[in-house]
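Structure record follows, encoded as structure tokens.
The values are calculated or read from the model by the stated rules, or taken from the named source; none is laboratory data. Since we're looking at a predicted model, the values are computed, not measured. In this analysis, Cβ positions are derived from the backbone assuming ideal geometry, glycine residues included, and neighbour counts consider all displayed protein chains.
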Amino acid sequence: MPEKPEKIAEIEEHIKDIQEISIAIDSWDDVFSDFDPSPIDRRILSEDFLSELKKRYRETQRGDFVITIYAPASLKDETTEKLVNKRLKQYFKFRHLSLQKEIATAVRRGTLFVLGGVASLSSLTMLTYFHMLDKLTLELIAIIFMPLGWFGIWEGFSRIIEPAPFAKLDEELFSKLSKASFKFKYAVSPEDASFAASARQESKQETKQESKREAKEDREAP
């Protein structure tokens with residue numbers, strides 16, 4: 001039975017939303033840290049690999065991701081491929097959950113700031129209204145309680161509305177990556193090898209340019 005036009009249009013729209021990220025490697029050490037001697041299923045990921053994924057994510061954040069890893073034919077091994085795929089998904093899922101906890105902690109701290117600020121201002125108001133202390137003492141207490149109260153309220157709401165902004169961006173990134181599909185393509189022909197080499201060179205150049213740009217921004221920052 002043929003698909004309904006609405007269903008076909010929905011599938012085509014979903015396909016348009018799928019963004020492919022292509023990364024070329026020379027060995028699995030380009031994906032995992034050189035300093036971690038653990039087996040592949042437990043190794044931590046390379047910072048360069050993560051930086052490249054973040055850079056590509058910033059370029060296009062719309063839709064789901066398919067990450068294609070281009071590698072030399074010598075690395076082709078179904079067992080290793082499954083381990084790498086499993087480890088990547090585990091790592092991204094772990095980072096996603098860790099960042100969710102970090103953001104939740106920031107929100108809780110923001111709530112405590114607000115409650116502390118309200119308590120400070122409320123205490124000052126009650127002391128003033130019921131004349132529990134003499135005027136001089138109240139003015140001295142107000143010097144501390146007034147700015148403390150307003151600071152707690154504004155700082156708390158700031159943390160609740162925008163908790164850990166950098167963590168929020170990374171949380172969105174790792175959420176997408178934890179749901180991404182991973183594909184492996186190997187250079188089995190001169191054309192594939194040429195493409196992989198070109199992709200590696202382009203990736204390295206873009207990474208260098210990105211590093212220089214960030215260094216320049218850091219120098220120009222006040």
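Listed here are the residues, each with its yes/no results for (1) at pLDDT below 90; (2) surrounded by 17 or more Cβ atoms within 10 Å (Cβ to Cβ); (3) closer than 30 Å to Arg43 by Cα.
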{"residue": "Val66", "(1), (2), (3)": "yes, no, yes"}
{"residue": "Lys82", "(1), (2), (3)": "no, no, yes"}
{"residue": "Lys89", "(1), (2), (3)": "no, no, yes"}
{"residue": "Arg95", "(1), (2), (3)": "no, yes, yes"}
{"residue": "Lys135", "(1), (2), (3)": "yes, no, no"}
{"residue": "Leu140", "(1), (2), (3)": "no, no, no"}
{"residue": "Ile153", "(1), (2), (3)": "no, yes, no"}
Restricting the range 97-113 to residues that are hydrophobic (A, V, I, L, M, F, W, C) and surrounded by fewer than 19 Cβ atoms within 10 Å (Cβ to Cβ), the one farthest from Leu173 (Cα to Cα) turns out to be Leu112
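Per-residue answers, yes or no, for (1) of a type outside the set (Ser, Thr, Tyr); (2) out of contact with any Lys or Arg (no Cβ under 7 Å at 6 or more places or on another chain):
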position: Asp36; (1), (2): yes, no
position: Ile44; (1), (2): yes, yes
position: Phe49; (1), (2): yes, yes
position: Lys54; (1), (2): yes, yes
position: Arg58; (1), (2): yes, yes
position: Thr68; (1), (2): no, no
position: Ser74; (1), (2): no, yes
position: Val84; (1), (2): yes, yes
position: Leu88; (1), (2): yes, yes
Across the range 55-97, the tally of residues that are in a helix (DSSP H, G or I) and within 16 Å of the chain's Cα centre (by Cα) stands at 15
Scanning the range 68-80 for residues that are of a type in the set (Ser, Thr, Tyr) and in contact (Cβ under 8 Å) with a residue 12 or more places away in the chain, the one surrounded by the most Cβ atoms within 10 Å (Cβ to Cβ) turns out to be Tyr70
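In this structure, does Arg109 turn out to be out of contact with any strand residue (DSSP E or B) (no Cβ under 9 Å at 6 or more places or on another chain) and not hydrophobic (A, V, I, L, M, F, W, C)?
yes
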Arg56 meets each of (1) farther than 13 Å from Ile25 by Cα; (2) in contact (Cβ under 8 Å) with a residue 40 or more places away in the chain with one exception, condition (2)
Original post:
Do the conditions hold for Lys89, that is, is it out of contact with any helix residue (DSSP H, G or I) (no Cβ under 8 Å at 6 or more places or on another chain) and under 30 Å from Lys176 (Cα atoms)?
Top reply: no
